[in-house]
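Here is the structure we will look at.
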Amino acid sequence: MMEQPEKMYDLIGVGVGPFNLSLAALLDDIDTIEPLFFEQNDKFDWHPGMLIEGTKMQVPFIADLVTMADPTSQYSFLNYISKNDRMYQFYFLQRLDIPRREYNDYCQWVAHQLDSCKFGRRVSNIRHVKENEEYYEVAVNNLKTGEQEVYRSRNLVLGTGSVPVLPKSFQNLPSEDVFHTSEFLANQERCRKARSITVVGSGQSAAETFRELLKEQRDCGFRLDWITRSPGFESMEESKLSLEHFSPDYVNYFYQLPQDQKDEIFAEQGLYYKGISNHTINDIYNLLYEFSVGQEELDVGIRVLSEVKGIREKANGGYELDCLHWQKNEEFTHETDVVIAATGYKPYVPDFIHQLEDFLQWDKHGRYKVSSDYRMLLNKNTENEIYVHSGISHTHGVGSTNLGLSVHRNKVIINHLAGREVYSLDDNGIFQSFTGNV
């Protein structure tokens, strides 16, 4: 074990995704707060398996890492465009949304400039220590050298993100044949050589994967199917007044509700964040329409109301899906060579969190209890805070994973950490009232 000098940081962050990267960028110009962020991957990479050409962000470019707190920041998206000599190209593009691949490249550009962000480091343990002063001791595995490093910090921030969810019946099968959409690009060449491919699921990732396969289906010659248990392929709610649910005002309103009521409301808000964007559905329909010209039948199938109950390998190769049309209560089987599961994500809770289990407060469903200003509620009376970005939809609502709110959340965290108003908080920036008071 390699012990670090007795340096005390003000904040150590676990994970460098967009939320913690935004926090690191905003803190870079604040001399009174010294942070350090650890990420186990060797570089910033945002959903690399779904950086499909032609996919675009679902938030405007102004929802970058810093602009909604400080438009003059050197880490703004427009400065990235300028520094890469692409200002006129972006000007003539005339779009608020940007390619997903470009957002990832922008974040990599920012991360490369921040000395506070350390990649190739996995946090393996955290414990709260009380000596002359209280602090968190953070054990970190350096994945390049194999050594363990130890750091000290007065506060922590967790930005551990989410992990893909693969149905149990899909697990322990050849990963090149049965995989999550998060691994799509890594397996795209396998798809091109398949005789048949089936996408399971009905959200944005399913639609983007199906659209990309549909573009190649005629040239590659595979059969393409799309199966979902949903009644239809529902569009994401994208009207401007509906988008105001992704505002600080709605977050504040939602937080004040009783937890049982919050759970009920959140369960009904899927189309705010889980539906398919209108332009993606239109692209798919337009492709199907064009491909149908002069064709008696397309080698493409789309099934709704159909739940995949299980999967098994066939003796002569390929797989057989056991399906149920749940409205008619009729079972059927479906054969395919490749299965791509668009079955969503769940918050990632690292092992070291369980080592802090008695230190943290949990609700009856085993979820973190979190204050309105994004601090975990603790069982110990201490000034050492743990701020959190991940797994807080149950407390802060539908916008918890929305990039448009990341900067506002980080302004709240920075103000609390600094003990003063570093950034002003505009909580009255929308036209409608969720409280009923005008």
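The values are calculated or read from the model by the stated rules, or taken from the named source; none is laboratory data. On a predicted model such as this, the values are computed, not experimentally measured, just so you know. Please note: Cβ atoms are built from the backbone with ideal geometry, for glycine as well, and neighbour counts cover all protein chains shown.
Annotation: residue 167 fulfils all but one of (1) buried (at least 19 other Cβ atoms within 10 Å of the Cβ); (2) modelled with pLDDT under 95; the unmet one is (1). In the range 99-138, the qualifying residues are those that are among the hydrophobic types (A, V, I, L, M, F, W, C) and without any contact (Cβ under 8 Å) to a residue 40 or more places away in the chain, and the one that is surrounded by the fewest Cβ atoms within 10 Å (Cβ to Cβ) is 129. Filtering the range 374-389 to residues that are over 18 Å from residue 401 (Cβ atoms) and in a loop (DSSP other than H, G, I, E, B) leaves 377, 379, 380, 381, 382, 383, 384, 385.
Annotation note: of 420, 375, the sole residue that is basic (Lys, Arg), under 13 Å from residue 156 (Cα atoms) and free of Cβ contacts under 8 Å to residues at least 60 places away in the same chain is 375. You will find that of 102, 53, the residue that is farther than 30 Å from residue 421 by Cα and modelled with pLDDT under 95 is 53 and no other. Restricting the range 130-142 to residues that are under 15 Å from residue 10 (Cα atoms) and assigned to a strand (DSSP E or B) leaves a set whose member that is nearest to the chain's Cα centre (by Cα) is 138. Does residue 364 qualify as being in the same structural domain as residue 401 (by TED's automatic domain parsing) and either surrounded by 15 or more Cβ atoms within 10 Å (Cβ to Cβ) or touching a residue at least 40 places away in the same chain (Cβ under 8 Å) (or both)? So residue 364 does not fit the description; no. For residue 370, the stated conditions do not hold, so it cannot be described as modelled with pLDDT of 95 or more, in contact with a helix residue (DSSP H, G or I) (Cβ under 9 Å, 6 or more places away or on another chain), closer than 18 Å to residue 244 by Cβ and surrounded by 14 or more Cβ atoms within 10 Å (Cβ to Cβ). When each of 160, 145 is tested for being in contact with a Gly (Cβ under 7 Å, 6 or more places away or on another chain) and either surrounded by 18 or more Cβ atoms within 10 Å (Cβ to Cβ) or not in a helix (DSSP H, G or I) (or both), the lone residue that passes is 160.
Scoring residue 318 on the criteria (1) closer than 30 Å to residue 171 by Cβ; (2) of a type in the set (Gly, Ala, Ser); (3) free of Cβ contacts under 8 Å to residues at least 12 places away in the same chain leaves a single failure, condition (3).
If you filter the range 33-59 down to residues that are closer than 15 Å to residue 114 by Cβ and among the acidic types (Asp, Glu), you find that the one that is surrounded by the fewest Cβ atoms within 10 Å (Cβ to Cβ) is 34.
Please find, among 12, 62, 30, the residue that is buried (at least 19 other Cβ atoms within 10 Å of the Cβ) and not polar (S, T, N, Q).
12
For the range 213-225, the criterion of being in contact with a Ser or Thr (Cβ under 8 Å, 6 or more places away or on another chain), surrounded by fewer than 19 Cβ atoms within 10 Å (Cβ to Cβ) and modelled with pLDDT of 90 or more is satisfied by at least one residue. Looking only at the range 24-56, residues that are closer than 23 Å to residue 149 by Cα and among the aliphatic types (A, V, I, L, M) come to 3 in all. Residues of the range 5-35 that are over 19 Å from the mean Cα position of the chain (by Cα) and polar (S, T, N, Q): 32 alone. When residue 426 is tested against (1) farther than 27 Å from residue 30 by Cα; (2) assigned to a loop (DSSP other than H, G, I, E, B), just one condition goes unmet, and that condition is (1). Here the range 336-370 is the region considered, the condition is being outside any strand (DSSP E or B) and hydroxyl-bearing (Ser, Thr, Tyr), and the residue that is nearest to residue 179 (Cα to Cα) is 343.
For the range 89-98, the candidate set comprises residues that are of a type outside the set (A, V, I, L, M, F, W, C) and in contact with a Lys or Arg (Cβ under 9 Å, 6 or more places away or on another chain); within that set, the residue that is surrounded by the fewest Cβ atoms within 10 Å (Cβ to Cβ) is 95.
Looking at the range 314-321, is at least one residue under 24 Å from residue 203 (Cα atoms), at pLDDT 95 or above and aliphatic (A, V, I, L, M)? Yes: the range 314-321 contains one or more residues that are under 24 Å from residue 203 (Cα atoms), at pLDDT 95 or above and aliphatic (A, V, I, L, M). Residues in the range 170-185 that are under 24 Å from the mean Cα position of the chain (by Cα) and either of a type in the set (Ser, Thr, Tyr) or within 22 Å of residue 221 (Cβ to Cβ) (or both): 175, 176, 178, 179, 181, 182, 184, 185. All conditions but one from (1) over 29 Å from residue 398 (Cα atoms); (2) touching a strand residue (DSSP E or B) at 6+ places or on another chain (Cβ under 7 Å) apply to residue 308; the one that does not is (1). Kindly establish whether residue 433 is buried (at least 21 other Cβ atoms within 10 Å of the Cβ) and not in a helix (DSSP H, G or I). Judged against the criteria, residue 433 is not a match. Of all residues in the range 220-228, none satisfies being under 30 Å from residue 434 (Cβ atoms) and not hydrophobic (A, V, I, L, M, F, W, C). Taken over the range 234-279, residues that are under 16 Å from residue 207 (Cβ atoms) and at pLDDT 95 or above amount to 0.
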